[in-house]
Amino acid sequence: MELFYKVLFYLSGFIIFWAMIGYPISLKLIGVLYKSRTLKKDYSHYPEVTVMVVAHNEEKVILDKLQNILKLNYPQEKIEYLIASDNSTDKTNNIVRQFIKKHQCKNIRLFETKDRKGKTNAQNEAKKNVTTEYLVMTDANSIMEKDSVRELMAAFTSEDISYVSGRLSIINQESSDISGAEASYWDNDMSIREIEGRIQTITAGNGALYACRTKDYYAFDPIQSHDTAMPQFYALQGKRAIANHDAIAYEKAGESIGDEFSRKVRMNRLILKHILPDLRILNVFKYRWFSYFYFGHRTCRYLLWISHFFLFISNALLIPESWLFTVVFMGQILFYILGLVKLITKSDNKYLSLVYYYCVTIAAQWVGVYNIITGKAKSVWEKAESTR
């Protein structure tokens, strides 16, 4: 049994290390080898495009969003606007209708789903009304930089590029330690995605701003999210999903731990499936760097919840074997204590906040797994008010 405990200890430790430290470092080193490979752009590429805004009960922000998209720097004769309302029951639809009446010279349409089945379902249904060559999707609470659509379209420089993700910029990172920790996470993750896309393909996008070729759009199961489903789907087809971080959308992060925890639980509603969603990913000879990217950036991260559990248990059982195991076990205890200190004292210490944020992330993964096992995982959710 001792050998089994050691294998469990070192394997769990490796997964945690690789997900949080090893993979990011290795990718930066690989990026140096591919430094001559840069993101190509064609600013003469002005295809017809539909900007789809998905909303559910967004009366607080929908007017700002509508005003925002009309200010986009893109030829007006080549851009359409489609508001996909996921069975909104507040004033959202009325606000959109009134806005359309006041701007009849603009090509703005409202699509209403009959039932609330979540964001992906609303996108699937609304997409049936899209006739343009490209589709840009964005959230109702995201404010787009005026050149964002132009930047997204400029990145479609070859037929094998099916998806381009923009950059999400957190605008309230100073509002709380939670929003600050989320902003730090996104900054680090954006640098990883930039390298992945430059070399071959990214493993995930973000829902605030992204685009795809309309012909390549796939109607995913409503419980799936485009953020994770689309890049993987295209990669397995031999196509590319890339990132153009000059296409920017601004958004608020959750300012309370409750909002952020709920958001992370939603993100993990398919965590077990995402560990290895398709065996083909293991075929490094066919999918090359994508296999490496997915293992380091996704598989290992989706295994953090169980890896921390096995590391703790196996470490406790190995304490009698060596002083090394005692030191590591005490380190784990100290790490979790620091998270509790942050929770109890509400300290604004940056390092305590990062430890706490990480612990919350792991806890959210556990809740996500619980929801899957108990059948509570769903495609719809209540939005976080602090992000509005």
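Read the figures in this text as sums done on the coordinates, not as results from a lab. In this text, all values refer to a predicted model and were calculated from it rather than measured experimentally. Heads up, the Cβs are rebuilt from the backbone with ideal geometry, glycines too, and the neighbour counts pull from every protein chain shown.
With +1 assigned to the C-beta of every Lys and Arg and -1 to the C-beta of every Asp and Glu, and no other charges, what is the dipole magnitude of region 1-147 about the Cα centre in debye, to the nearest 20? Intermediate values should be presented prior to the final figure.
Working: 23 positive and 17 negative charges, 39 e Å.
With Lys and Arg at +1 and Asp and Glu at -1, about 180 debye.
Return one number: the angle in degrees, 0 to 90 and rounded to the nearest 10, between the long axis of the Cα atoms of helix 2-17 and the longest principal axis of the Cα atoms of the chain.
For helix 2-17, the angle is close to 30 degrees.
Determine how many Å³ per residue the convex hull of the Cα atoms of region 20-166 encloses.
Numbers: hull volume 21.5 nm³, N = 147.
Output value, Cα hull per residue: 146 Å³.
A364: net charge of surrounding residues, Cβ under 11 Å, Lys/Arg +1, Asp/Glu -1, itself excluded?
On the way: positive: R263, K264, R266, R269; negative: E260.
That sum, taken over residues with Cβ under 11 Å, equals +3.
First measure r as the distance between the Cβ atoms of M330 and K28, then evaluate 1/(1 + (r/R0)^6) with R0 = 30 Å and state the FRET efficiency to the nearest 0.05.
Numbers: r = 31 Å, r/R0 = 1.04.
Working from the Cβ atoms, E equals 0.45.
Taking amide H positions as placed in the peptide plane 1.01 Å from N, state which residues far from F111 in sequence (5 or more) or on other chains have amide H under 5 Å from it.
Correct list: I83, A84, S85.
Which net charge results when you count Lys and Arg as +1 and Asp and Glu as -1 among the other residues whose beta-carbon is under 12 Å from that of G197? Walk me through the numbers before you get to the answer.
On the way: positive: R37, K40, R167, R193, R198, R240; negative: E194, E196.
Cβ neighbours under 12 Å give a net charge of +4.
Give me the one-decimal nm value for the distance between modelled label points at T157 and L343, 7 Å along each residue's Cα-to-Cβ direction.
4.8
Can you order the peptides 203-210, 293-300 by their average number of other Cβ atoms within 10 Å per residue, highest first?
Working: 203-210: 24.5, 293-300: 22.0.
Those peptides, ordered most packed to least, come out 203-210, 293-300.
Distance between the C-alpha centers of region 200-272 and region 42-112? Whole Å please.
So the separation of the two Cα centres works out to 21 Å.
Build a GNM of the chain with springs between Cα atoms under 10 Å: which of V341, V54, V367 gets the top mean-square fluctuation?
Of the options given, V341 has the highest mean-square fluctuation.
Just how large is the dipole of region 188-291 about the Cα centre, in debye to the nearest 20, putting +1 at every Lys and Arg Cβ and -1 at every Asp and Glu Cβ? Don't skip to the answer; put the middle values down first.
Values: 15 positive and 12 negative charges, 102 e Å.
With Lys and Arg at +1 and Asp and Glu at -1, about 500 debye.
Listed highest first by mean packing, meaning other Cβ atoms within 10 Å per residue, what order do 77-90, 3-16 come in?
Working: 77-90: 20.0, 3-16: 15.9.
Answer by packing, highest mean first, reads 77-90, 3-16.
May I ask for the net charge around Y46, where only other residues with Cβ less than 11 Å from the Cβ of Y46 are counted and Lys, Arg are +1 while Asp, Glu are -1?
On the way: positive: K78, R150; negative: D42, E48, E77, E133.
Net charge in that neighbourhood comes out at -2.
For region 49-297, with only Lys/Arg (+1) and Asp/Glu (-1) charged at the beta-carbon, what is the dipole magnitude about the Cα centre, in debye rounded to 20? Intermediate values should be presented prior to the final figure.
Numbers: 34 positive and 33 negative charges, 172 e Å.
In total the dipole reaches around 820 debye.
How high is the FRET efficiency from D147 to R280, r the C-beta distance, R0 41 Å, rounded to 0.05?
On the way: r = 37 Å, r/R0 = 0.90.
After rounding to 0.05, the efficiency reads 0.65.
Over the chain, what is the percentage of antiparallel beta bridges among all DSSP beta bridges, to the nearest 5?
Numbers: 10 of 36 bridges.
Percent antiparallel among DSSP bridges in the chain is about 30.
What are the residues whose amide H is under 5 Å from the amide H of M144, where those residues sit 5 or more places off or on another chain and H is modelled from the backbone?
Amide H to amide H, under 5 Å and 5 or more residues apart or across chains, M144 pairs with Y250.
Could you work out how far apart the two model spin labels at R109 and Q67 are, taking each label as a point 7 Å from the Cα in the direction of the beta carbon, and quote it in nm?
2.7
Among A154, N141, M190, pick out the residue whose Cα is farthest towards the positive end of the charge dipole of region 80-200, where Lys and Arg carry +1 and Asp and Glu carry -1 on C-beta, about the Cα centre.
Of the options given, the answer is N141.
What percent does the relative contact order of the chain come to when contacts are Cα pairs within less than 8 Å and at least six residues apart? Don't jump to the answer; show the numbers that get you there.
Details: 676 pairs, mean separation 81.2, N = 388.
Once divided by the residue count of the chain, the mean separation gives 21 percent.
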